[in-house]
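Novice: Sharing a structure here in structure tokens format.
Throughout, read-outs are computed from the coordinates displayed, never taken from laboratory work. All values reported here derive from a predicted model rather than from experimental measurement. Quick reminder, even Gly has a Cβ in these numbers, built from the backbone with ideal geometry, and neighbours come from all protein chains shown.
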Amino acid sequence: MQTRAANFDNLFSKRILTGDLPPPLTALSPQDVGLSDSELIDLFETQLTSRHLDLQSRELAKNKQSFYTIGSSGHEGNAVQGKVFRHTDMAFLHYRSGALMIQRSKQLAGQTPIYDMLLSFVASSDDPISGGRHKVLGSKSLFIPPQTSTIASHLPKAIGAAYSIPLSTTLDIDATMPRDSVVICNFGDASSNHSTAQGAINAAGWASYQNIPVPIVLICEDNGIGISTATPHDWIEANFSQRAGIKYIACNGLDLLDTYQKTLEAQHYARDYHKPVFLHMKTVRLFGHAGSDAEISYRTKEQIEAIEADDPILHSARILIEHNILSAQQIVDMYDAIKLQVSLVAQQVLTRPKLTTIAQVKASIAPIRDVSTSATLTDETTRQTLFRQEHLPMTKPQNMARLLNWTLCDLLAQHPQIFIAGEDVGRKGGVYGVTKGLCDKFGKKRLINTLLDEQSILGLGIGAAHNGFLPIVEIQFLAYVHNAEDQIRGEAATLPFFSNGQFSNPMVIRIAGLGYQKGFGGHFHNDNSLAVFRDIPGLVIACPSNGQDASEMLRSAVAFAFEQQRVVIFIEPIALYMTKDLHQEGDGLWSFGYRSPRQSQAIAVGDIGVHGTGSELVIISYANGFYLSSQAARILEQQYGVKLRLIDLRWLAPLNEPQLLDAISGVDHILVVDECRETGSFSEQVLSLIYRHKTQSQQLDKLCGEDCFVPLAGAATLGMPSKEQIIQSALSLLNKENKND
Ligand SMILES: Cc1ncc(C[n+]2csc(CCOP(=O)(O)OP(=O)(O)O)c2C)c(N)n1
Ligand SMILES: [Mg+2]
């Protein structure tokens, strides 16, 4: 059966030579918009190249030699944006941006887009962007980070990257993008309905409305359909033309001249006024959603043929012929020459290597970076000024919230590229005062009060990190990361993987969480599950149990993010923020002195805490579980004479397996205390590790949170391990009787 794509290829010459071309869409001439003949020919060449790459991809797929046939056919008008925007204007692209990418590559010497894209189609490990891991559009030298398949998930980070451009001037940061850059971001019409897109566009408008600069051009490539679901007529215009803070410009992407004129206008507005622009570009979608899509099941033959007659390539050909720039025969010759070129290169890429080992595949999850610089410490005079009001309290032991606050202050002073962003982190200093006073010391540009949208907060971090910042973003409560988790799971964490380690978005995500808050909250303020992070390759997860560790671990988290370009999740146990005592009121055993950066005793990523040397029992825990285990330990020691040791895991990922196994060797009874809900808790990983390595005499048990949500009031802690339960579990494991029974 003849496919629509093959049909187009066969009919192309006939249509051009017989003048079977669509009628003009505008009365514009190339001179009107300032395009020379050679510039128009150049854009047309890009359009043809993009089209032939699509056709070639489908040819390769027939022989199972290419693995992803989603293409750009009908959207080739975006070549114009490849010309208008600079190659250093970071581009977060739609999967139909082949022409844009090809045209952009012409701005930089030595680019080989045909070869590169074909390598990506055939999943060769030579593919310069993903190293054979995915068919993505991307290029380090062209400032195009690869995008994931998840619709609209790139918009929050595009806004974040745009926001960070003027910020780099204000804060005088040596950023990745030149300071007069704009960001461009393409997406489809159906994608614009996604809550992620809506949230991101709203965030851009929200900022712009209050005159916060966001130089971005959001390009909606409107082909009127998403797979098989039609976009309501004029929906995009109706939905986006009146958005507060956002300039709306429409163009017909089928017509190069109109698109060029309107794209110039959009660029000028975004670059010169630092305002977001919504560029609504009409396109058509040709040959179905992807190679495997039988369009005929939801569109009539007549509809399909009408759309094919409106092909942007035919429109461009008409413009070239009408204005006597190329003859019909020259166009056909050009078409055939590019077809031959693409097919010859396709034969070549088939000889290139593929990924063959899992080690190769995994190599870009968390590539080891060659760290050449480390940040210098802030001089003491500056520190004294910064901390002048804290002079007295600094001489005394303090709780975790205070110690984190001082640590953040030192980190902001030390690293100019750090900013802190989140809901209420500014003047208020966050719900628990962890960022209190920092806004007065460092200003609103570094303590950024965001709008209430977790996707936008994470997107701000990811995008700014693309531009050389080291964001510390805050999610107010653990339960609220879930509506935005894809920004971590699908976006931040996968970026090095899909770019072969070339792109990274280093940042620290601080999240207040876990249970045991007395008299406050209910489930959403006491969420005791970290399962959402557990299976994400490459993620670092910190979870301190006390202020002193928290301070050291936060420094290590920031250093690791900075030097190794990693994403670090930093869980702060809310119930321990204000805790000062351990066994009884006033003992001050959970308060600690602040160590300045010069006095720091680093807790490196992965370093576990081992307390005590007893060999009868070891309790392995973290956060609140460790705090309660420390209480239980004294009773077990004093009342039952148990010789024990306590292990504070501190870093839940990556779990330091050798250190942990070493720390439990020779101990006969092992109890894992995990405050999180049992299903999906870290106890699963810890126990299975120990089980694989344990000696015959070693016995294991665990105590976890119930698989239940947390209720209010006195019932709040019923489903979480208590001091008494820890004692009971330990005694049962040791076969000792509980004196309180
Ligand atoms: C979050 C998410 N949901 C669903 C999909 C599956 N999907 C892929 S493309 C697509 C349609 C997108 O349509 P549109 O945004 O108009 O872009 P077009 O393909 O028409 O260019 C869908 C539903 C996805 N990739 N991501
Ligand atoms: Mg669409």
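Novice: Put a dot 7 Å past each Cα toward the Cβ at Asn211 and Ala290; how far apart are the dots in nm?
Specialist: Computed distance between label sites Ala290 and Asn211 equals 4.7 nm.
Novice: Can you find, among Ile448, Ser504, Ile488, the residue sitting farthest towards the positive end of the charge dipole of segment 411-522, where Lys and Arg contribute +1 and Asp and Glu -1 at Cβ?
Specialist: Ile448
Novice: Per the Cauchy relation, a quarter of the hull surface: what is the mean projected area of the convex hull of the alpha carbons in segment 551-683, in nm²?
Specialist: Details: hull surface 37.9 nm².
For segment 551-683, the mean projected area of the Cα convex hull comes to 9.5 nm².
Novice: Now for a different question. Rounded to the nearest 20 debye, what is the charge dipole size of the chain about its Cα centre when +1 sits on each Lys and Arg Cβ and -1 on each Asp and Glu Cβ? Before the final figure, lay out each step's value.
Specialist: Values: 63 positive and 76 negative charges, 215 e Å.
So the magnitude is around 1040 debye.
Novice: Sticking with this one: Cut-off under 20 Å on the C-alpha distance; same-chain residues fewer than 8 positions from Lys396 excluded. Which lysines are left, in chain and number order?
Specialist: Partners found: Lys436, Lys580.
Novice: Which net charge results when you count Lys and Arg as +1 and Asp and Glu as -1 among the other residues whose beta-carbon is under 14 Å from that of His194?
Specialist: Values: positive: none; negative: Asp189, Asp453, Asp486, Glu491.
Taking every Cβ under 14 Å from that of His194, the sum is -4.
Novice: By count of other Cβ within 10 Å, fewest leading, how are Thr148, Thr46 ordered? Each step should come with its number before you reach the end.
Specialist: Working: Thr148 17, Thr46 28.
Fewest to most other Cβ atoms nearby, the residues stand as Thr148, Thr46.
Novice: Which of the listed residues, Gln31, Phe67, Gln47, is farthest toward the dipole's positive end in segment 1-128, when Lys, Arg count +1 and Asp, Glu count -1 at the beta-carbon?
Specialist: Phe67
Novice: If you build the Cα gyration tensor of the chain and take the root of 5 times each eigenvalue, what three semi-axes come out, in whole angstrom, biggest first? Each step should come with its number before you reach the end.
Specialist: On the way: eigenvalues 619, 157, 93 Å².
Semi-axes from the Cα gyration tensor: 56, 28, 22 Å.
Novice: A further question follows. List the lysines whose alpha-carbon lies under 23 Å from that of Lys702, not counting same-chain residues fewer than 8 positions away?
Specialist: Lys702 reaches Lys643, Lys694, Lys723, Lys736, Lys739.
Novice: Straight-line reach from Lys83: which lysines have Cα under 19 Å away, leaving out those fewer than 8 places along the same chain?
Specialist: Answer for Lys83, where 19 Å is the Cα cut-off: Lys106, Lys140, Lys262, Lys282, listed by chain and number.
Novice: What does the net charge come to around Gln601 if you take all other residues with beta carbon closer than 13 Å to its beta carbon, with K and R at +1 and D and E at -1?
Specialist: So the surrounding residues net to 0.
Novice: Another one. Between Gln348 and Gln639, what is 0.36 nm times their sequence separation minus the Cα-Cα distance? Round to one decimal in nm.
Specialist: On the way: separation 291, 0.36 × 291 = 104.76 nm, distance 7.65 nm.
Taking Gln348 through Gln639 to full extension adds about 97.1 nm, to one decimal.
Novice: Evaluated at 20 °C with a viscosity of 1.002 mPa s, what Stokes-Einstein diffusion coefficient in µm²/s does segment 291-404 have when Rh comes from the Kirkwood expression over alpha-carbon pairs? Before the final figure, lay out each step's value.
Specialist: Values: Rh = 23.3 Å.
Taking Rh from Cα pairs, D becomes 92 µm²/s.
Novice: Would you calculate the convex hull of the Cα atoms in segment 226-315 and tell me its volume per residue in Å³?
Specialist: Roughly 111 Å³ of hull volume per residue.
Novice: Moving on. To the nearest 20 Debye, how big is the dipole of segment 114-199 about its Cα centre, given +1 on the beta carbon of each Lys and Arg and -1 on that of each Asp and Glu?
Specialist: Numbers: 5 positive and 7 negative charges, 37 e Å.
In debye, rounded to 20, segment 114-199 gives about 180.
Novice: OK, next. Over all directions, average the projected area of the Cα convex hull of segment 428-495 and note it in nm². All intermediate terms of the calculation are to be shown ahead of the outcome.
Specialist: On the way: hull surface 19.5 nm².
Averaged projected area of segment 428-495's Cα convex hull equals 4.9 nm².
Novice: Please list the equivalent ellipsoid semi-axes of segment 661-726, computed as the square roots of five times the alpha-carbon gyration tensor eigenvalues, in descending order and whole angstrom.
Specialist: Values for segment 661-726, descending: 28, 12, 7 Å.
Novice: Using C-alpha positions alone, give me the convex hull volume of segment 347-503 per residue in cubic angstrom.
Specialist: Hull volume normalised by residue count: 171 Å³.
Novice: Calculate how large, on average over all directions, the projected area of the Cα convex hull of segment 510-560 is; give the answer in nm² to one decimal.
Specialist: Values: hull surface 17.1 nm².
Mean projected area for segment 510-560: 4.3 nm², to one decimal.
Novice: P(r) tail for segment 482-578, what percent of Cα pairs lie past 24 Å? Can you show the working numbers first?
Specialist: Working: 1233 of 4656 pairs.
Above the 24 Å cut-off, segment 482-578 has 26 percent of its Cα pairs.
Novice: With no solvent and one equal point scatterer placed on each C-alpha of segment 142-244, evaluate the Debye formula and give log10 I(q)/I(0) for q = 0.12, 0.18, 0.21 Å⁻¹, two decimals.
Specialist: Each listed q maps to, in turn, -0.43, -0.89, -1.13.
Novice: Using the Cα centre of segment 497-607 as origin and beta-carbon charges of +1 (Lys, Arg) and -1 (Asp, Glu), tell me which of Ile569, Phe520, Gln548 is placed farthest towards the positive end of the dipole.
Specialist: Ile569
Novice: Please give the charge dipole size of segment 65-215, origin at the Cα centre, charges +1 on K and R Cβ atoms and -1 on D and E Cβ atoms. Round to the nearest 20 debye. Walk me through the numbers before you get to the answer.
Specialist: Details: 10 positive and 9 negative charges, 25 e Å.
Charge dipole, segment 65-215, about its Cα centre: 120 debye, nearest 20.
Novice: Let me ask something else. What's the whole-number percent of alpha carbon pairs in segment 376-462 lying beyond 17 angstrom? Could you put the intermediate results ahead of the total?
Specialist: Values: 1857 of 3741 pairs.
I get 50 percent for the Cα pairs in segment 376-462 exceeding 17 Å.
Novice: Output the peptides 93-102, 449-458 sorted from most to least packed, where packing is the average of other Cβ atoms within 10 Å over each peptide's residues.
Specialist: On the way: 93-102: 26.6, 449-458: 22.0.
Taking the mean over residues of other Cβ atoms within 10 Å, the ranking is 93-102, 449-458.
Novice: Ranked highest first by average number of other Cβ atoms within 10 Å, how do 616-622, 636-642 line up?
Specialist: Output ranking for 616-622, 636-642: 616-622, 636-642.
Novice: Sticking with this structure for a sec: Could you order the peptides 489-501, 196-208, 339-351 from most to least packed, using the average number of other C-beta atoms within 10 Å per residue? Let's see the in-between values first.
Specialist: Values: 489-501: 21.7, 196-208: 23.4, 339-351: 15.5.
Descending packing order for the listed peptides: 196-208, 489-501, 339-351.
Novice: Please report the relative contact order for segment 522-571, taking Cα pairs under 8 Å with a sequence separation of at least 6, and give it as a percent rounded to a whole number. Write out the running numbers ahead of the final one.
Specialist: Numbers: 34 pairs, mean separation 20.8, N = 50.
Once normalised by length, the contact order is 42 percent.
Novice: Let me ask something additional. Give me Rg/Rg_expected for segment 103-197, where Rg uses Cα atoms only and Rg_expected = 2.2 N^0.38 Å with N residues. Don't jump to the answer; show the numbers that get you there.
Specialist: Numbers: Rg = 15.4 Å, N = 95, 2.2 N^0.38 = 12.4 Å.
With N residues counted in segment 103-197, Rg over 2.2 N^0.38 Å equals 1.24.
Novice: How many angstrom lie between the C-alpha centres of segment 520-569 and segment 1-69?
Specialist: Computed from Cα coordinates, the inter-centre distance equals 50 Å.
Novice: If you don't mind, there's one more thing I want to ask. Given contacts defined as C-alpha pairs under 8 Å and at least six residues apart, what's the relative contact order of the chain, whole-number percent? List each step's numbers first, then the result.
Specialist: Numbers: 1533 pairs, mean separation 84.5, N = 741.
11 percent.
Novice: Still on this structure, I have one more. Relative to the compact globular guide of 2.2 N^0.38 Å, what is the alpha carbon radius of gyration of segment 49-176, as a ratio? Numbers along the way, then the final one.
Specialist: Numbers: Rg = 15.3 Å, N = 128, 2.2 N^0.38 = 13.9 Å.
Rg over 2.2 N^0.38 Å, computed on Cα atoms: 1.10.
Novice: Would you mind giving the three semi-axes, in whole Å and largest first, of the ellipsoid equivalent to segment 609-705 according to its Cα gyration tensor? Could the numbers behind the result be given before it?
Specialist: Numbers: eigenvalues 71, 52, 29 Å².
Working from the Cα gyration tensor, I get semi-axes of 19, 16, 12 Å.
Novice: If you wrap a convex hull around the C-alpha atoms of segment 339-381 and split its volume per residue, what is the figure in Å³?
Specialist: Roughly 173 Å³ of hull volume per residue.
Novice: Please work out the C-alpha center-to-center distance from segment 245-300 to segment 163-223 and express it in whole Å.
Specialist: One Cα centre to the other: 16 Å.
Novice: What whole-number distance in Å separates the alpha-carbon centres of segment 666-703 and segment 620-650?
Specialist: 15
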